[in-house]
2 protein chains.
Amino acid sequence: MLALDVGGTKLAAALVDATGDVLRRAVTPTPADPWPACLQLLEQVRAGEPVDGVGAGCGGPMTWPAGVVSPLNMPVWKQFPLRDRLAGAYPGVDVRVHNDAVCMVLGEHWTGAAQGVDDVLGMVVSTGVGGGLVLGGRLHSGPSGNAGHIGHLVVEPGGPLCGCGGRGCLEAVARGPAIVAAAAELGCPARDGRELAALAGAGDPIAVAALARAGSAVGRAAASVAALLDLRLVVVGGGIAESGKAFWDPLEQAFRDHARLEFLSGAVVVPAVLGAQAGLVGAAALVLRG
Amino acid sequence: MLALDVGGTKLAAALVDATGDVLRRAVTPTPADPWPACLQLLEQVRAGEPVDGVGAGCGGPMTWPAGVVSPLNMPVWKQFPLRDRLAGAYPGVDVRVHNDAVCMVLGEHWTGAAQGVDDVLGMVVSTGVGGGLVLGGRLHSGPSGNAGHIGHLVVEPGGPLCGCGGRGCLEAVARGPAIVAAAAELGCPARDGRELAALAGAGDPIAVAALARAGSAVGRAAASVAALLDLRLVVVGGGIAESGKAFWDPLEQAFRDHARLEFLSGAVVVPAVLGAQAGLVGAAALVLRG
């Protein structure tokens, strides 16, 4: 199975076997014209073997299942027919395209932190905040393929303006650039999430508070959705989720404070474990476990 | 199809036909010993005809699908085996028991405000705040039957204490007694939701503000879940939803302010239309459309 993960900063492709193992993997920075680079990566990991299907994850928005993509993080693609292009390159096999955050959750569900759990919310806290849902053991896409948009739960009424036009969305509070900007307003010199996490790790109180605000918001959202969907597991990945205790302690505290209903006893939020591979494993899962 | 709706203040039973029409209906105040009264009501609407199934809605918590109920609003029933009792009384037919708010949504989905809509959140804003989800045209119960618990979305971080032990849950903000209590603290004389709605209708500013706070919270929750689950329709019923413009205008404003993603264009929140019948029609749907 060929898998493709299209991101604004890098492209990745992999050959994934029927058990979800990544046999070969290739990555390249996203060039100005991404499509030839996608094909080249796919051919590189394919290495001449026969192709039995292609799954691809890509930033949204997109039409689904048609896979016509206009990724916010890749302005050069407007209404790009990713699925049709892949189907043209690999005729006669199943080709599926879905949101990259959805693929991450599918990957974690198949071989990562959510293995064997039938009902799970996955969140990607990174440049944006995305997510996906596995319900009853299957990907829940929703009628237009947009289910899983956890980033637009309102977590701070009257809070910061969101890219969607609303206020106080989880994405507006917890996406990396928002956390860094909030800390910068108070004089924090961190230029990105990694620097902010490093400062927080060294005890900088502004960095600690900024990550705590984001972590708490993620914890409240996770508890809210666990109650709504009868979940016992939420998996959180993405760059910000690698910020350590400054992010995770307030997250877990908020989750415990809010996930109080009896049926939520034992419910947990855990870190994603597959890292950058999750999107590729999940893209393969679109076809193999769709 | 026999349908039963077990509430803390009244019991209702109905004979429902295969199209969701209520052919006969009977209601009685909930007595100290509810079970004999339930049976009597069922026999009354049955009127000697053969029984092809029994569906029942009841307040939670309960085990599901076993239907062993311990309704918060009916302390006399602790671990009452409602489903087994009904199965004993009507042997050889399908007997199903579910949360009363879930039944309301199923009723509205079958013959009410959500007819023909495959993905819908239903909310009951009353003494508590409950709900249910139809996803992909089918009731979504979740692994333990608890999916739909919209009342525990966190809508006011650090807000009022909830019965669940958390803070700022939708139920803590928008349930009738909470709205009335918040208004009473400011000197409002209303003793219940109906009186509060009447005062708000007459322009009382405290009553108007109290219902606005609840309506806004419901609107934020509805927008949050619409984004998460890719919904275009939310149906809101229950006594508080009958409070008129003072509740609905802020609700709709909050929904418009927050449901901004492109795929939510055209999404609406509408009032339930079946009133007290929804629970009975939905209880029948548990069996007929389960």
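Coordinate-derived values only; no laboratory data. What you see is a predicted model; the values in this text were computed from it and never measured. In this analysis, Cβ positions are derived from the backbone assuming ideal geometry, glycine residues included, and neighbour counts consider all displayed protein chains.
Here are some notes:
- 3J(HN,Hα) along region A:274-290, derived from phi through the Karplus expression 6.51 cos²θ - 1.76 cosθ + 1.60 where θ = phi - 60°, amounts to 8, x, 5, 6, 4, x, 6, 4, x, 4, 5, 5, 3, 8, 6, 10, x Hz, with x in place of Gly and Pro.
- Whole-Hz couplings from phi, Karplus 6.51/-1.76/1.60, listed for region A:9-25; x for Gly and Pro: 9, 8, 10, 9, 9, 8, 9, 10, 8, 5, 9, x, 7, 8, 7, 9, 9
- Residues in region A:247-290 reached by a label modelled at A:Gln44 [backbone nitrogen below 18 Å; 7 Å Cα→Cβ]: A:276-281
- Principal axis extents of the C-alpha atoms in region B:116-271 (largest first, rounded to whole Å): 46, 33, 26.
- Dipole check for region B:205-290: with +1 at the C-beta of Lys and Arg, -1 at the C-beta of Asp and Glu, and the Cα centre as origin, the magnitude is about 60 Debye.
- Cα Rg over Rh - the protein assembly as shown, Kirkwood: 1.01
- Label-reachable residues, region B:135-153, where backbone N falls under 17 Å from a point 7 Å from B:Ala66's Cα toward its Cβ: B:143-146
- Applying 1/(1 + (r/R0)^6) with r as the Cβ-Cβ distance of A:Arg256 and B:Val76 and R0 = 30 angstrom yields a FRET efficiency of 0.35.
- Alpha-carbon centroid distance for the pair region A:227-249 / region A:76-148, whole angstrom: 18 Å
- Residue among B:Val129, B:Ala254, B:Pro61 farthest towards the positive dipole end of the protein assembly as shown, charges placed on Cβ: B:Ala254
- Solvent-free Debye scattering, log10 I(q)/I(0), computed from the Cα coordinates of region B:201-245 at q = 0.13, 0.24, 0.34 Å⁻¹: -0.35, -0.88, -1.22
- A simple charge model with +1 on the Cβ of Lys and Arg, -1 on the Cβ of Asp and Glu and nothing else charged puts the dipole of region B:116-271 at about 120 debye relative to its Cα centre.
- Paramagnetic label zone (point 7 Å from Cα along Cα-to-C-beta, A:Asp118; backbone N under 12 Å) in region A:221-258: none
- Once backbone amide H atoms are built at 1.01 Å from N, A:Leu233 has A:Leu121, A:Val268 as its partners under 5 Å, excluding neighbours fewer than 5 places away on the same chain.
- At 7 Å out from Cα toward Cβ: B:Asp94 inter-copy label distances (nm, ascending): 3.0
- Radius of gyration and maximum dimension Dmax of chain A, Cα, Å: 18.7, 57
- Remark: region A:138-228 is approximated by an ellipsoid whose semi-axes, taken from the C-alpha gyration tensor as √(5λ), come to 27, 14, 12 Å, largest first.
- Listed by chain and number, the lysines whose C-alpha is less than 22 Å from the C-alpha of B:Lys78, apart from same-chain residues fewer than 8 away, are B:Lys10.
- The residue among B:Ala37, A:Pro189, B:Gly290 whose Cα reaches farthest toward the positive pole of the charge dipole of the protein assembly as shown, with charges on the beta-carbon of Lys, Arg, Asp and Glu, is A:Pro189.
- Extent of region B:225-268 along its three principal axes (Cα atoms, max minus min coordinate, largest first): 30, 17, 14 Å.
- Using alpha-carbon coordinates, inclination of helix A:100-111 to the longest axis of chain A, degrees: 90 degrees
- Entry note, chain B: relative contact order of 20 percent, from Cα contacts under 8 Å with a spacing of 6+ residues.
- Comparing mean-square fluctuations of A:Pro50, A:Pro71, A:Pro250 from a GNM of chain A with C-alpha springs under 10 Å, the top value falls on A:Pro50.
- Candidates A:Gly215, A:Gly158, A:Leu231 compared by Cα position along the dipole of region A:116-271: farthest toward the positive end lies A:Gly158, with charges placed on Cβ.
- Among A:Thr63, A:Thr19, A:Thr30, the largest mean-square fluctuation in a Gaussian network model of chain A, built with springs joining Cα atoms closer than 10 Å, belongs to A:Thr19.
- 3J(HN,Hα) along region B:143-151: x, 10, x, 9, 4, x, 6, 5, x Hz, from the Karplus curve 6.51 cos²θ - 1.76 cosθ + 1.60 with θ = phi - 60°, whole Hz, x for Gly and Pro.
- Degrees separating the helix A:176-185 axis from the principal Cα axis of chain A, which is the longest one: 30 degrees
- Helix B:34-46 and the longest principal axis of the Cα set of chain B meet at an angle near 70°.
- Debye, to nearest 20: dipole size of the protein assembly as shown, +1 on Lys, Arg Cβ, -1 on Asp, Glu Cβ: 220 debye
- For region A:8-116, the list of trypsin sites (Lys or Arg not before Pro) that fall in a loop by DSSP and count at most 10 other C-beta atoms within 10 angstrom reads A:Lys78.
- For region B:1-153, alpha-carbon Rg over 2.2 N^0.38 Å: 0.99
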